[in-house]
Amino acid sequence: MPNMRCIVVREHGGYDRLLLEERPIPAPAPGQVRVKVAAIGLNHLDTWVRRGVPGHEFPLPLVAGSDAAGVVDALGAGVVSVREGDAVVVLPGVSCGACEPCQTGLDQLCRHYHILGESCDGTAAEYVCVPAANVAPKPAPLSEAEAASVCLVFQTAWNMLARRAELRAGETVLVHAGLSGVGSAAVQIAAALGARVIATAGGEEKCRRVRALGADHVIDYRSQDFVQEVRALTGKAGVEVVFEHVGEATFGGSLRCLARGGRVVTCGATTGGNVKLSLHAVFFKSLSILGSTMGSKGDLRRILRMFDQGRFRAVLDRELPMAEVGEAHRLLEAREALGKVVLRV
Ligand SMILES: [Zn+2]
């Protein structure tokens, strides 16, 4: 078999730890499909895998990447759900399919759950073999680069808002960093669910773009105090739901923004995860703190149909060649990207 290029992390550290290596093109095992990758989507998760997380061990060396779009170019034995030549996106969560959570549609709770590029080899390669369950038709309105940018963040944001926080029409939600990957998904999902959306963003240009995604109000966190602004916008009542993924820098304020009976739902901690909180506020105000990771593949397939119907759009900042993966990480970490960054294969 000829070789292919892939991005490998062998040791944690700076951008120089993102190695462009050659490996033999893999053959699909029974039940797997091989995707010829056209575009690889980047997530904050990629930067954590590169940098390392204190107290967490990644199985290095690891091929990076959780999101991708491309074309099925080979089928393993027994695959009937897709055909060679199908344009697909890769679904980033791999699960056993045989346990109770998997079979009740909660595959992200499977004990054998893996996120591609995080706990098993990922999508940052010219070819990737995944279970047939882990590809879905590429939404027709999206380019390959756009399609490669949506799965992980929309699945995450959907599970947080629709499943965990059970956001309802007419409620008000605060979405932090509304132009980030999960933030831009959350703004669109919350609006589609009929909620009133307050979002934050840093700087005028980002605020303008978040408004265009469907946010009703956008707070510029660089010049405004989001807690005060939320109080003013809700007549001091607070919001029913806060969408958290920032962590230490915002979590205390997020709790203060909540109305009585409110829910904060979190999927990440880009500024650190060791938050202080007063239990007094939690019980006096009857608050709920909800954790969430990823989402079900069934929900993700429905989200992709909503892209097909034109209900959601991808928020793409730019495409870079694979060799510039270090610059792609820098753009994410410096919060310079106005949307998702995708590597072109
Ligand atoms: Zn399972």
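The values are calculated or read from the model by the stated rules, or taken from the named source; none is laboratory data. On a predicted model such as this, the values are computed, not experimentally measured, just so you know. Neighbour counts run over all protein chains shown; Cβ positions are idealised from the backbone, glycine included.
Looking across Val71, Val37, one residue alone is touching a residue at least 40 places away in the same chain (Cβ under 8 Å) and either polar (S, T, N, Q) or in the same structural domain as Tyr113 (by TED's automatic domain parsing) (or both). It is Val37. Within the range 9-29, can one find any residue that is in contact with a helix residue (DSSP H, G or I) (Cβ under 9 Å, 6 or more places away or on another chain), over 17 Å from Ile115 (Cα atoms) and of a type in the set (Asp, Glu)? Checked against the condition, which is being in contact with a helix residue (DSSP H, G or I) (Cβ under 9 Å, 6 or more places away or on another chain), over 17 Å from Ile115 (Cα atoms) and of a type in the set (Asp, Glu), the range 9-29 yields at least one hit.
Any residue in the range 63-77 that is within 16 Å of the ligand (Cβ to nearest atom), crowded, with 22+ Cβ neighbours inside 10 Å and among the hydrophobic types (A, V, I, L, M, F, W, C)? Within the range 63-77 (the criterion being within 16 Å of the ligand (Cβ to nearest atom), crowded, with 22+ Cβ neighbours inside 10 Å and among the hydrophobic types (A, V, I, L, M, F, W, C)), the answer is no, since none of the residues qualifies. Note on the range 87-99: residues that are near the ligand (Cβ under 8 Å from one of its atoms) and more than 27 Å from Thr47 (Cβ to Cβ) amount to 4.
Exactly one of these conditions fails for Val71: (1) aliphatic (A, V, I, L, M); (2) closer than 21 Å to Gln155 by Cβ; (3) in a strand (DSSP E or B). Give me its number. So Val71 meets the others, but not (2).
Within the range 242-256, the set of residues being within 19 Å of Leu179 (Cβ to Cβ) and hydrophobic (A, V, I, L, M, F, W, C) comprises Val242, Phe243, Val246, Ala249. In the set Ser296, Ser288, Ser278, Ser292, only one residue is touching a Gly at 6+ places or on another chain (Cβ under 7 Å), farther than 25 Å from Ala212 by Cβ and among the polar types (S, T, N, Q); that residue is Ser296. The residue that is surrounded by the fewest Cβ atoms within 10 Å (Cβ to Cβ), among those in the range 35-56 that are in a loop (DSSP other than H, G, I, E, B) and modelled with pLDDT of 95 or more, is Gly52. Inspection of the range 243-251 identifies at least one residue that is closer than 21 Å to Leu290 by Cα, in contact with a strand residue (DSSP E or B) (Cβ under 6 Å, 6 or more places away or on another chain) and modelled with pLDDT of 95 or more.
Scanning the range 178-231 for residues that are touching a Lys or Arg at 6+ places or on another chain (Cβ under 8 Å) and at positive phi returns Gly194, Gly203. Name every residue in the range 102-113 that is near the ligand (Cβ under 6 Å from one of its atoms) and free of Cβ contacts under 8 Å to residues at least 12 places away in the same chain, in order of residue number. Of everything in the range 102-113, just one residue is near the ligand (Cβ under 6 Å from one of its atoms) and free of Cβ contacts under 8 Å to residues at least 12 places away in the same chain, namely Cys102. Please verify whether Glu336 is more than 19 Å from Thr250 (Cβ to Cβ) and surrounded by 15 or more Cβ atoms within 10 Å (Cβ to Cβ), treating the condition exactly as stated. It is false that Glu336 is more than 19 Å from Thr250 (Cβ to Cβ) and surrounded by 15 or more Cβ atoms within 10 Å (Cβ to Cβ). The residues of the range 80-105 that are buried (at least 19 other Cβ atoms within 10 Å of the Cβ) and part of a loop (DSSP other than H, G, I, E, B), listed by number, are Leu91, Pro92, Ser95.
Does Val182 fit the bill of being farther than 27 Å from Gly70 by Cβ and outside the structural domain of Ala68 (by TED's automatic domain parsing)? Against the criterion (farther than 27 Å from Gly70 by Cβ and outside the structural domain of Ala68 (by TED's automatic domain parsing)), Val182 does not qualify. Residue count for the range 106-126, restricted to those that are assigned to a strand (DSSP E or B) and either among the small types (Gly, Ala, Ser) or surrounded by 23 or more Cβ atoms within 10 Å (Cβ to Cβ) (or both): 2.
A single entry from Glu84, Glu118, Glu126 fulfils the requirement of being more than 16 Å from the ligand (Cβ to nearest atom), at negative phi, at pLDDT 95 or above and in contact with a Phe, Trp or Tyr (Cβ under 8 Å, 6 or more places away or on another chain): Glu118. Exactly one residue among Arg335, Arg263, Arg344, Arg256 is at pLDDT 95 or above and either within 17 Å of Ser149 (Cα to Cα) or of a type in the set (Gly, Ala, Ser) (or both), and that residue is Arg344.
Pairs linking a residue in the range 212-237 that is assigned by TED's automatic domain parsing to the domain that holds Ala249 to a residue that is part of a loop (DSSP other than H, G, I, E, B) and surrounded by 18 or more Cβ atoms within 10 Å (Cβ to Cβ), with Cβ atoms under 6 Å and 6 or more positions apart or on different chains, are Ala215/Gly178.
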